[in-house]
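S.K.: Below you will find the structure I want to go over with you.
The values are calculated or read from the model by the stated rules, or taken from the named source; none is laboratory data. This structure is a prediction, so every number in the text was calculated from the model and none was measured. No Cβ is skipped: glycine too gets one built from the backbone with ideal geometry, and neighbour counts run over all protein chains shown. Side chains are part of the model used for accessible areas, which takes the heavy atoms of the whole protein and leaves out ligands, DNA and RNA. Shrake-Rupley method; radii C 1.70, N 1.55, O 1.52, S 1.80 Å.
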Amino acid sequence: MNNYYQPEIETMPYDRLRALQNERLVKQVRHVWENVPYYRQKMEEKGVAPEDIQSVDDLHKLPFLCKDDLRKAYPYGLKGVPLSDCVRIHSTSGTTGKRVVAFYTQHDIDLWDDCCARALVAAGATSEDICHIAYGFGLFTGGAGLNGGSHKVGCLTLPMSSGNTERQLQFMTDLGSTILCCTPSYAAYLAESIHEQGIREQIKLKAGIFGAEAWSEDMRHDIENKLGIKAYDIYGLTETSGPGVAFECSEQTGMHINEDHFIAEIIDPDTGEVLPEGSKGELVFTAITKEAFPLLRYRTRDICVLTRKKCSCGRTHVKMSKPMGRSDDMLIIRGINVFPSQIETVLIQQGYPANYQIIVDRVNNSDTFEVMVEMNPEMFSDSLAKIADAEKKLVEALKAMLGIAAKVKLVAPKTIARSEGKAVRVIDKRKI
Ligand code: DLL
C-alpha cells in the first residue's frame, strides 16, 4: 500500500537535495551540449561552456528557452536522443500553426509516471483505489500522465478520457470510483450533473486531482462540498512532461515541486533577473533527468511564488503557489490554450477587420467564451439572416482553429472601444 510514497526523496534534507540536483544538473548540461545543437548554439552565443556549470548556483549563467524557441526548433530541434530511442510524443493544445511537440524515452515515461504516482499518493491513493481518469487521452498529457501514475500506485485504473458525461457517471456509480482526475471545470460539471440526477449517495469518491487550468479556492470548496471529497491541485506542462511537475499534499497550501527532477527558479519576466525566494515572478524550470526533451531554463510564463516553509506533511520539496496569471497573453479556456493572435488570424482570413474583443467569464464553474467582432461597413445593411449566417461561419472557423466553441457576435463598425495604447483585446472576468 502507498508504495509510491518515496520519503527518502520527498522528505530529503535540503543540503542532500541540493547535492543531488548539482550532480544531475552537471550531467544534464553535458547531455544537452553534446546532443542538442540548438541549445549548444545558444550557450555558445552567451559564452557559456559546460565546465562553467558546476552547481545550481551557476544556473543563472545558462540561456533561457521559451515557447518561441520550441516553435523555431519544431519538430526535432530540441530532441536529445535519436528518434529510435523515443517511444512517444505529446503535444500542447490549440496553438497557432506549429504546436509544441515533446518527446519521451521509456525512461522519461517511467519518471513521469513516478511523479504522477507521488501526486496520487499525496491525495491518499493506494492500491485499494479505483482511479477514474477523465482528463483527455491522446496528444494532451493529462490522461496519459495520470494513467501511468495510477498504474504505478496499483489502483484499478479507469481510462475514461473526457466527455460523454452519462458514461462517466454510469461507471462512477457502477464501479465505485474513489479518485477522480480531470480538469476542475469538468469536475464542477460532473458535480452539477450528479446533483441534478440525485445520485450523490451512489458516488463513492473520496478525492479529486484537478489541474491543467487555473481554479480558485471558492471553486475548490464548491467541488468539495458537492462531491463530498478533498480536491487537490496538480500542475505541469507538456514541455516538462505533463502533469506531476508539482502537486498538493494534505496541507493544501501550494504544490510541492518534484525537485529531484526539476529545478525551479522565479525570475522577473521583464528583465530575466532571478528573484529571491518568496518573490512573485515567472516560473522557470530546468529538467535534470529528462533524456528525450531535456529543456534547460524553460520559461513557463506562469506567474507564481515559491516557498520553502516547513510543511506539515513532512515533504521538503519547495512549494509553488497556484499560478496567479501569465506573463504572455495566453488564455486557458475550458482547458484549451488560446492565444488572441489565433483569433486575429481567423478574422483576417475571413475578411474582417482585426477589431475584436474576447470576453471570458466563469458561470456555474464553467468557462464562457465570447468573441465580439466588428462587421465590415458593407455588411451593415445586410439582413439579420445574412448576419446570423456570417456569425455561424465565424463560429466554425474559430472552432477549427482553436478546438473549442466560441459564441460570436458581429457588432456595428466602430463600436468596440479604441484604445490610445495597447488594444484591450481580452476581458477576463473569471475571479481566480
Ligand atoms: O495542462 C498539463 C496538465 C495536465 C497539468 C493535467 C495538470 C493536469 P499544457 O496543456 O501544456 O499542459 O498547459 C500548461 O497549463 O503553463 C499553466 O499555465 C496551466 N496549468 C497547468 N496546471 C495548472 C494548475 C497541461 N494546476 C499550462 N493551475 C501551464 C493553473 C495550470 N494553471
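S.K.: Of the residues that sit in segment 218-240 and are within 12 Å of the ligand (Cβ to nearest atom) and not aliphatic (A, V, I, L, M), which one is nearest to Asn365 (Cα to Cα)?
M.R.: By that ranking, first place goes to Arg220.
S.K.: Please determine whether any residue of segment 97-105 is more than 17 Å from the chain's Cα centre (by Cα), more than 30 Å from Thr11 (Cα to Cα) and surrounded by fewer than 16 Cβ atoms within 10 Å (Cβ to Cβ).
M.R.: Among the residues of segment 97-105, at least one is more than 17 Å from the chain's Cα centre (by Cα), more than 30 Å from Thr11 (Cα to Cα) and surrounded by fewer than 16 Cβ atoms within 10 Å (Cβ to Cβ), which makes the answer yes.
S.K.: Would you be able to say whether some residue in segment 107-117 is touching a helix residue (DSSP H, G or I) at 6+ places or on another chain (Cβ under 6 Å), among the β-branched types (Val, Ile, Thr) and at pLDDT 95 or above?
M.R.: no
S.K.: Are any residues in segment 1-49 assigned to a helix (DSSP H, G or I), open to solvent by less than 30 Å² (accessible area, probe 1.4 Å) and either within 28 Å of Leu146 (Cα to Cα) or touching a residue at least 24 places away in the same chain (Cβ under 8 Å) (or both), and if so, which ones?
M.R.: Glu10, Leu17, Gln21, Leu25, Gln28, Val29, Val32, Tyr39
S.K.: Hand me the list of strands (runs of 3 or more DSSP E) wholly inside segment 276-389 holding 2 or more residues that are of a type outside the set (D, E, K, R) and within 14 Å of the ligand (Cβ to nearest atom).
M.R.: 280-287, 298-307, 331-333, 336-338
S.K.: Residues to consider are Ala144, Ala188; find the one that is open to solvent by less than 40 Å² (accessible area, probe 1.4 Å) and closer than 26 Å to Ala406 by Cβ.
M.R.: Ala188
S.K.: Residues that are within 12 Å of the ligand (Cβ to nearest atom): list the strands (runs of 3 or more DSSP E) wholly contained in segment 136-213 that include at least 2 such residues.
M.R.: It comes to 179-182, 207-211.
S.K.: Considering only segment 241-273, state which residues are among the polar types (S, T, N, Q) and within 11 Å of the ligand (Cβ to nearest atom).
M.R.: Ser241 - this is the single residue of segment 241-273 that is among the polar types (S, T, N, Q) and within 11 Å of the ligand (Cβ to nearest atom).
S.K.: Residues of segment 127-141 being surrounded by fewer than 24 Cβ atoms within 10 Å (Cβ to Cβ) and touching a helix residue (DSSP H, G or I) at 6+ places or on another chain (Cβ under 7 Å), which ones?
M.R.: Ser127, Ile130, Gly136, Phe137
S.K.: Any idea which of Ile343, Ile348 is touching a Leu at 6+ places or on another chain (Cβ under 8 Å) and either open to solvent by less than 10 Å² (accessible area, probe 1.4 Å) or modelled with pLDDT under 85 (or both)?
M.R.: Ile343
S.K.: Against the condition open to solvent by less than 20 Å² (accessible area, probe 1.4 Å) and in a helix (DSSP H, G or I), how does Glu259 come out, does it pass?
M.R.: Here the answer is no, as Glu259 does not meet what is asked.
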